[in-house]
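What follows is a single structure, written as structure tokens, with notes after it.
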Amino acid sequence: MQSQDYIVEMTGIIKEFPGVKALSGVDFRLRAGEVMALLGENGAGKSTLVKILSGVYQKDAGTIKVFGGTYDSITPKKAQELGIAIIHQELNMCQHLSVAENIFLGREKIGPMRRLSQREMNRAAKEILDNLRIDLSPTTIVGDLQVSKQQMVEIAKALSTNARILIMDEPTSALTANEIDELFRIIRQLREEGRGIVYISHRLEELKHIVDTVTILRDGQYICETPFKDTTMDEIISHMVGRDITEKFPRVTHPVGRKIFEVKNLNAGRMVRDVSFEVHEGEIVGIAGLMGAGRTETTRAIFGIDRKESGEIFLDGKKIEINSPADSIKAGIVLVPEDRKRDGLCIKLSIRDNIALPNLDIVCDKLTVVNRKLVSEMTQKAVDSLSIKLPNDLVDAGSLSGGNQQKVVVAKWLARNSRMVLFDEPTRGIDVGAKVEIYTLMNDLKKNGIGVLFVSSELPEILGISDRIIVMCDGRITGEMSRDDATQEKILEMAMRFESKISHAV
């Protein structure tokens, strides 16, 4: 393959941050009409590399060629001129503006008398949307759209700049199966148009549907580039983590003991209706269901974030009153939330401060003075036990990779010796190696007699880790089964039970 066949060539890229060498001589190439999967564990350097390509960061060393031209540095403006666009995992939409206004934000269409031409923006936006076969009105307010539709608007926005290189960072993390199929259709269409696509995802099972080539990074270093058809999933994982992972779902069997936790007839809004279940010592209980089934709402109501209308909660046989998260934490019930950045961490504070904050009653003396030595010991114990990768415990939580951020969220609760841990999508957006570490942590909690309840949208994960599975649909529990009796087909049948009844009635 000749050099001129590549639309992007990055060679020997080096990037350092204080205390961290993010990239050490990394190579990366992309062809026109190719979907390149950029893979690696959290902290491998994927985001840093694409931010250098899109102009967010400046490289410290190395060369960059785009469409044959060599660039010592690329600014965001230059990246846009070159046709490079990045679609971030956290969507960057102005919720109060229309679809068309978001697509042309900063590049508004101007009509006669230098006035904003809303009509021309709507016409141009509709043309882009129609070309992608996206059924959206240009005048719809973005805040009224589902996350999946907002993501389609992001793609349309990128194409409105005549982008020929699209970088997609975890584009399916919040999408349903049908929405993922629609996204893949658009990706295939863009590939046929000759655009180069860099696809970053921790959902490795997706790769077979759209990916042509794989580039793998590990610990800031280039490991390999290979056609996807010439490798196996086990080889990809081995390259990513630097070792063979023989068991993706390390499930541990343990004798089931007495009942730790019980919820009776819990009601909280439309999405939590008459929910009842139990959790025993020595078991992990998984909650499965489609998006909108009420799984997250159930954990929020238990933890005291959302007000419950009725119902009872018991811990170790005693009825407890939970009207706020503070009540729940005091009782020994804690939540690892779905959105770790928004709800689980103070990303501008240090790791040490994040772990100390919910434990001030433990680390403060009678004069409410923080015992810094105790905080340091608590933090070091958490870092060691959970294998949290960080230069030191004074760095901001927001600077860590997704997997390490998740571990910090867990660490702050384990310091309290909590009795019941609720996990809501605990492995979303983290790599395969970090997932195994989270599963191992859940198994350790189970073996130590701590109750574990976890919500997941990934059926292989539910089947691989749970000892017992609860299925929800339309705010209600529609089924329950042991791991030995469970199959994906049975879970999906229960997950769509009420929908089926409604469709038959209609």
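Quick look at the values:
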item: Residue within the range 146-156 that is open to solvent by 10 Å² or more (accessible area, probe 1.4 Å) and either in a loop (DSSP other than H, G, I, E, B) or among the hydroxyl-bearing types (Ser, Thr, Tyr) (or both) present; result: yes
item: In the range 10-60, the residues that are under 17 Å from ALA163 (Cα atoms) and either in contact with a Pro (Cβ under 9 Å, 6 or more places away or on another chain) or among the acidic types (Asp, Glu) (or both); result: GLU34, SER54, GLY55, VAL56
item: Number of positions in the range 128-147 that are touching a Cys at 6+ places or on another chain (Cβ under 9 Å) and of a type in the set (Val, Ile, Thr); result: 1
item: In the range 308-357, residue farthest from LEU374 (Cα to Cα) [restricted to those that are open to solvent by 60 Å² or more (accessible area, probe 1.4 Å) and among the small types (Gly, Ala, Ser)]; result: GLY317
item: Scope the range 10-57; condition in a strand (DSSP E or B), in contact with a Gly (Cβ under 9 Å, 6 or more places away or on another chain) and surrounded by fewer than 22 Cβ atoms within 10 Å (Cβ to Cβ); matching residues; result: THR11, GLY12, ILE14, VAL20, LYS21, SER24, GLY25, ASP27, ARG31
item: Any hit, the range 275-288, residues being within 30 Å of ASN178 (Cβ to Cβ) and among the aromatic types (Phe, Trp, Tyr); result: yes
item: Helices (runs of 4 or more DSSP H) enclosed by the range 200-318 - at least 3 residues per element that are at pLDDT 90 or above; result: 207-210, 295-303
item: Which listed residue is touching a Ser or Thr at 6+ places or on another chain (Cβ under 6 Å) and of a type in the set (Asp, Glu), from GLU108, GLU179, GLU120; result: GLU179
item: Sole residue being free of Cβ contacts under 8 Å to residues at least 12 places away in the same chain, surrounded by fewer than 20 Cβ atoms within 10 Å (Cβ to Cβ) and in contact with a Ser or Thr (Cβ under 9 Å, 6 or more places away or on another chain), chosen from LEU394, LEU360; result: LEU360
item: Close pairs (9 angstrom Cβ cut-off, 6 or more residues apart or separate chains): on the phi < 0 side of the Ramachandran plot in the range 317-331, among the hydroxyl-bearing types (Ser, Thr, Tyr) anywhere; result: ILE320/SER328; ILE322/SER328; ILE329/SER418
item: Contacts under 9 angstrom Cβ, first residue in the range 399-414 being more than 15 Å from GLU377 (Cα to Cα) and of a type in the set (Ser, Thr, Tyr), partner open to solvent by less than 20 Å² (accessible area, probe 1.4 Å) and at pLDDT 80 or above, 6 or more apart; result: SER401/ALA44
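The values are calculated or read from the model by the stated rules, or taken from the named source; none is laboratory data. Here the structure is a predicted model, which means the values were calculated and not measured. Every residue, glycine as well, gets a Cβ built from its backbone with ideal geometry; the counts of neighbours run over all protein chains shown. Areas reflect the complete protein model, heavy atoms only, side chains present, ligands, DNA and RNA absent. Shrake-Rupley method; radii C 1.70, N 1.55, O 1.52, S 1.80 Å.
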